[in-house]
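Colleague: Sharing a structure with you now.
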Amino acid sequence: MTLKKYIYFFSLLFLTGVVGGHLDLVVFEPSNARKRRSTDDNEVSQLLPNITDMYINSNVYSRFATVEITSNVVNQHARGLDATFTVQIPESAFIANFSMIVNNTMYIAKLFAKEEAQKKYDDAKDRGQSAGQVRHASTDPKRGMDIFKVDVNVGSFADATFYLTYQELLERRLGDYQQRIVVQPGQVVTNLTVSASYREEQQFKKFSYRLPNSNVINTASTENAVLSSSTDKKSILYKPSVTDQTASGLDGEIVVTYDLLHNTDGGVVIVEDEYFVHYVAPSGLKNLDKTILFIIDISGSMHGKKISQARDAMLAILDKLNTNDFFNILVFDDQVDSWMETPVLANAQHIDRAKGYVMEYVKPQGSTNINDAMLRGISSLEKSTEVETASRVNAIVLLTDGNPTAGETVPKNIRKNVYFKNKGLASIFCLGFGFDVEISFLKAMAWENGGFARRIYEDVDAVKQLEDFYLEIKDPVLKDLVIGYGNNVDLQSTTRRHYDQYYEGSEIIVAGRTYFPNSLLATEVSIVGISKDGKVDLSLGTSAVKVRDHKDAFTEKLWAYQKIKDLLRIAAIDENASNATSLALNMSLKYNFVTSLTSLVIIQQSDYSSDSISDETRLLGKAANTPFGFSAATFIKPSPIVFGISLSNVYLLLCAIQYFGI
C-alpha cells in the first residue's frame, strides 16, 4: 500500500459575520475518512505532529501592514495525525491569501462571493471531496482578534506547510500607532522567528516594543530580540530559543508602539501611479471647547462588576474634563433620569455635585430604554445656549450592555428617531459593555451621527478601557473638516473626506485615484476646518507630496482596503445601499480580500492545487531571498525525504509564493 493511501485531507473553516466580527471553526470530514478510523482513536488523539518551523514576517510601510505567517509541521509517527494551523489576526484586518502544502501538493484557497463559496463548498461535500471555507461566526480569541483555524490530516512520516497573509491599516490612538502580532503556536517550536519591519516617510518620534509574556517595554535590543534603527526605518528580529518558551509553547503577542513627527500642516501624501494616500495629523492646535453628555445604562443586566466599573470610570472621567467644557449625566433603565436639565460648566463645584449623583444613582435596576434616553439627551443639548458656539463641539457618549427591552425596541426605529432628532447637533459615540450587546446596532447609530462605536471588554481593566476611550475624544482641535483635491483627482473614488471633528492624537487617512499618473500637486490639496481661532486652511509643504517609484501597488492596495471599509460602513447604515454592497463585493474579489461579503474556499481537486512541489524545484533560482533580505534557509530546515518522496518544506513554499505572485 502506498504512502498516498494513508494520507487523507480534510479542511475546516470558519466565519466572520459582520465587519469586525470573529472567525470560528466549521468541521467537514469526508465520509471515506471516517471509515478508516481505527479502534485506537483515543491513542491517536494524544499524538500531535511537531511544529518544526514557524516564521512570521511583518512589513509595515506608511502604517499599512502586510503580515505573512508560515508554519511547517512534521508527523514522525507511523500513522496519520491531525494537525491544526491556528492564527489570531486583528478584527480590522483582511485576510489576503491562504495556501498550504499537504502530501507534496500545494493548495491555494480561492475567493468567491459568499453565496457562491457556500455552493462550491456544499457541492464538494456532496461529491465526497475534502473541502473547507473561510466565512463568519463567533469565538473566543484574544481581545480585538479573530481566529483563523485549519485542520488537516498529515500522513505517516509526512509533513504539511501552511501559509497565511493578512493586511491591516494601523490606527493612531492617543498619539500612538500600535501593531499586535500574536505568537501562539500551541507547542514548543524549534525554529521560531518573528521579523517585523517599519518604514515611514516621516521621521520616528518614538518607538518601543513588548515581547510575548512580558510587561517590559523595550526601546533597544534584548537577549532574544535585535532592534535596528534609522530615522525612517525600524526592524525587530525575534528568535526565542526552546528554553525561552514555556512547556506548552509561547502564548502571547509582540506589541509594537510608535509615533511620528507631526507638524501643524496638511500632512503627507504618497503618490504611486494613479493612486494616492493622504495622511492628515496636525499637531499643536488649540483645543476647542466641548459640550459632552454621558448617558449610562443602569438596567438590571448591569449588576455586579459592570455597574461598579461604570461608576468608577465616570468618577475618573469627571476629573479629566477640560475647564471650559460643559457636561451633563443621564442614567436610564426603563425610565430616564437627568442630573441637570441642561449641561453646566465643568467647574470644581459642579464636578463634586456630579460625583455625588453618580454614587447615588448609578445602581442597577429595571429594563433598557435606549430610545428615550437618547432623545432626552439630545433635548438637553438643544436647550443649552452654548452648543451653537462656533468654536465648540458637541458629543454624546452612550454606555450600555444590552439590547433595548423597553419603550421603542426595534433598533432600526431607534436609529431613525435619534438621527432625525439629532440632525448633526452632536457626534454620538456608543460603548457596548460585554458581548450581550448588539454591537452592529451601536456601530450604525454612531456612524450615521458622526461618531464611532467600541466594545468594552468585561475584564479587570474595564475602567481603564473607558478612561482611554474618553481620552481619545477629550481634546477636539478641529470641527467641520473638509479635505479637497484638484481637478486631477476622481472625487468619486476617494475615501471619506468630511469629518465632524478631529481629535488631538488621532489621524485621518484619505486615499483616492487620479486621472493621470503621478499628477497630484501639493497646491491642489486643501484641508479646511474650524479651529479655536476660527476658520483654518492647512496647506501642504512643498515636499509633502512624495512620488513612490517602487511600483508594488502599495497605494492602490491601501486605497482598496480603505474604500471597502467605507462601503461596508455605508451598507451597514443604509440597508437599501445596494450599490455600496455591490461595489464592496466587486472590490473584495478583485483585490482578494476576505470580507463579510466573501469567503475563501479550498477543495481537494486539480484546479485548487499547484503541481507537485517536486516539479517546482526550478523555482529555486528565481527566489533566493525573502522580502526582508533573509535567506529562508536561515530559519527553516528542509523536510526529510521518506520512501523516496521529496516532502514539502518552507523554503520551497516561499519560493513558490514569490514565483506565483501570491
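Colleague: Give Ile428, Ile439, Ile396 a once-over and let me know the one that is over 24 Å from Leu478 (Cβ atoms) and either among the aliphatic types (A, V, I, L, M) or crowded, with 22+ Cβ neighbours inside 10 Å (or both).
Modeller: Ile439
Colleague: Being modelled with pLDDT of 90 or more, under 26 Å from Ala313 (Cα atoms) and open to solvent by 10 Å² or more (accessible area, probe 1.4 Å) is the filter here; which residues of region 400-425 pass it?
Modeller: Leu425
Colleague: Identify the residue in region 60-81 that is in a strand (DSSP E or B) and of a type in the set (A, V, I, L, M) and, among all such residues, is surrounded by the most Cβ atoms within 10 Å (Cβ to Cβ).
Modeller: Step one: list which residues in region 60-81 are in a strand (DSSP E or B), which gives 60-61, 64-74, 81.
In the following step, the residues that additionally are of a type in the set (A, V, I, L, M) were identified as 60, 65, 67, 69, 73-74, 81.
Numbers: Val60: 22, Ala65: 22, Val67: 23, Ile69: 23, Val73: 25, Val74: 23, Leu81: 20.
Out of the qualifying residues, it is Val73.
Colleague: Continuing with this model, one more query. In this structure, does Glu223 turn out to be open to solvent by 40 Å² or more (accessible area, probe 1.4 Å), under 18 Å from Leu169 (Cβ atoms), out of contact with any His (no Cβ under 7 Å at 6 or more places or on another chain) and outside any strand (DSSP E or B)?
Modeller: Taking the combined requirement at face value, the residue does not satisfy it.
Colleague: What are the residue pairs meeting all of these: first residue in region 549-573, first residue farther than 30 Å from Ile414 by Cβ, second residue assigned to a helix (DSSP H, G or I) and open to solvent by 50 Å² or more (accessible area, probe 1.4 Å), Cβ atoms under 8 Å, and 6 or more apart or on different chains?
Modeller: Sorted first by the residue in region 549-573, then by its partner, the pairs are Ala560/Lys590.
Colleague: Just checking, how many residues over region 475-519 are touching a Gly at 6+ places or on another chain (Cβ under 9 Å) and of a type in the set (Lys, Arg)?
Modeller: 2
Colleague: To continue, here is another question. I'm trying to understand the selection: among the residues of region 254-286, which are among the polar types (S, T, N, Q) and out of contact with any Pro (no Cβ under 7 Å at 6 or more places or on another chain)? Lay out the reasoning, then the answer.
Modeller: Pass one, region 254-286, residues among the polar types (S, T, N, Q): 257, 263-264, 283.
Those that are among the polar types (S, T, N, Q) and out of contact with any Pro (no Cβ under 7 Å at 6 or more places or on another chain): Thr257, Asn263, Ser283.
Colleague: Those residues that are at pLDDT 85 or above, of a type in the set (S, T, N, Q) and either within 14 Å of Ser71 (Cβ to Cβ) or not in a loop (DSSP other than H, G, I, E, B) (or both), I need them from region 82-133; list them, please.
Modeller: Gln88, Asn97, Ser99
Colleague: Here's another thing I want to ask about it. Checking the structure you have, find out if any residue of region 591-612 is exposed (fewer than 13 other Cβ atoms within 10 Å of the Cβ), at pLDDT below 55 and out of contact with any helix residue (DSSP H, G or I) (no Cβ under 8 Å at 6 or more places or on another chain).
Modeller: Looking through region 591-612, at least one residue is exposed (fewer than 13 other Cβ atoms within 10 Å of the Cβ), at pLDDT below 55 and out of contact with any helix residue (DSSP H, G or I) (no Cβ under 8 Å at 6 or more places or on another chain).
Colleague: Exactly one condition in (1) among the hydrophobic types (A, V, I, L, M, F, W, C); (2) crowded, with 22+ Cβ neighbours inside 10 Å; (3) modelled with pLDDT under 85 is not met by Val183; state its number.
Modeller: Unmet condition: (3).
Colleague: In region 476-499, how many residues are within 19 Å of Arg172 (Cα to Cα) and either hydrophobic (A, V, I, L, M, F, W, C) or in contact with a strand residue (DSSP E or B) (Cβ under 6 Å, 6 or more places away or on another chain) (or both)?
Modeller: Number of matching residues: 10.
Colleague: Out of the residues in region 293-340 meeting the condition of being of a type in the set (D, E, K, R) and within 30 Å of the chain's Cα centre (by Cα), tell me which one is least open to solvent (accessible area, probe 1.4 Å).
Modeller: Let us first name the residues in region 293-340 that are of a type in the set (D, E, K, R), namely 297, 305-306, 311-312, 319-320, 325, 333-334, 337.
This time we only want the ones that are within 30 Å of the chain's Cα centre (by Cα), so: 297, 305-306, 311-312, 320.
Details: Asp297: 0, Lys305: 125, Lys306: 23, Arg311: 49, Asp312: 79, Lys320: 63 Å².
Of everything passing the filter in region 293-340, Asp297 is least open to solvent (accessible area, probe 1.4 Å).
Colleague: So which of Phe420, Phe469, Phe452 ends up being farther than 28 Å from Lys320 by Cα and among the hydrophobic types (A, V, I, L, M, F, W, C)?
Modeller: On the way: Phe469 fails: farther than 28 Å from Lys320 by Cα; Phe452 fails: farther than 28 Å from Lys320 by Cα.
None of the others qualify; the one that does is Phe420.
Colleague: Which pairs have Cβ atoms under 8 Å, sit 6 or more apart or on different chains, and link a residue in region 172-189 that is touching a residue at least 24 places away in the same chain (Cβ under 8 Å) to one that is open to solvent by 20 Å² or more (accessible area, probe 1.4 Å) and among the basic types (Lys, Arg)?
Modeller: Once the first residue is touching a residue at least 24 places away in the same chain (Cβ under 8 Å) and sits in region 172-189, its partners that are open to solvent by 20 Å² or more (accessible area, probe 1.4 Å) and among the basic types (Lys, Arg) give Val182/Lys142.
Colleague: Select from region 537-566 the residues that are of a type in the set (A, V, I, L, M), outside any helix (DSSP H, G or I) and open to solvent by less than 30 Å² (accessible area, probe 1.4 Å) and list them in ascending order.
Modeller: Those that are of a type in the set (A, V, I, L, M), outside any helix (DSSP H, G or I) and open to solvent by less than 30 Å² (accessible area, probe 1.4 Å): Leu538, Leu540, Ala544.
Colleague: Say we look at region 104-123 and pick out the residues that are hydrophobic (A, V, I, L, M, F, W, C) and farther than 25 Å from Ala158 by Cα; which of these is surrounded by the most Cβ atoms within 10 Å (Cβ to Cβ)?
Modeller: Here the residue is Leu111.
Colleague: Every residue in region 268-313 that is of a type in the set (A, V, I, L, M, F, W, C) and in a strand (DSSP E or B), please.
Modeller: Matches in region 268-313: Val268, Val269, Ile270, Val271, Phe276, Val277, Val280, Ile292, Leu293, Phe294, Ile295, Ile296.
Colleague: Restricting attention to region 143-189, report how many residues are within 19 Å of Ile254 (Cβ to Cβ) and of a type in the set (S, T, N, Q).
Modeller: Qualifying residue count for the region: 6.
Colleague: Is region 572-587 home to any residue that is of a type outside the set (A, V, I, L, M), part of a strand (DSSP E or B) and modelled with pLDDT of 90 or more?
Modeller: No, that holds for no residue.
Colleague: Is it the case that region 142-149 has a residue that's open to solvent by 10 Å² or more (accessible area, probe 1.4 Å), under 20 Å from Asn97 (Cβ atoms) and touching a residue at least 40 places away in the same chain (Cβ under 8 Å)?
Modeller: yes
Colleague: Further question on the same structure: Given the structure, is Ser367 at pLDDT below 90, over 23 Å from Asn322 (Cα atoms) and open to solvent by 10 Å² or more (accessible area, probe 1.4 Å)?
Modeller: Judged against the criteria, Ser367 is a match.
The values are calculated or read from the model by the stated rules, or taken from the named source; none is laboratory data. Small disclaimer: the values here were computed from a predicted structure and weren't measured. Counting neighbours? That spans all protein chains shown, and the Cβs are built from the backbone with ideal geometry, glycine included. Just the protein is used for accessible areas: all its heavy atoms, side chains included, with ligands, DNA and RNA removed. Shrake-Rupley method; radii C 1.70, N 1.55, O 1.52, S 1.80 Å.
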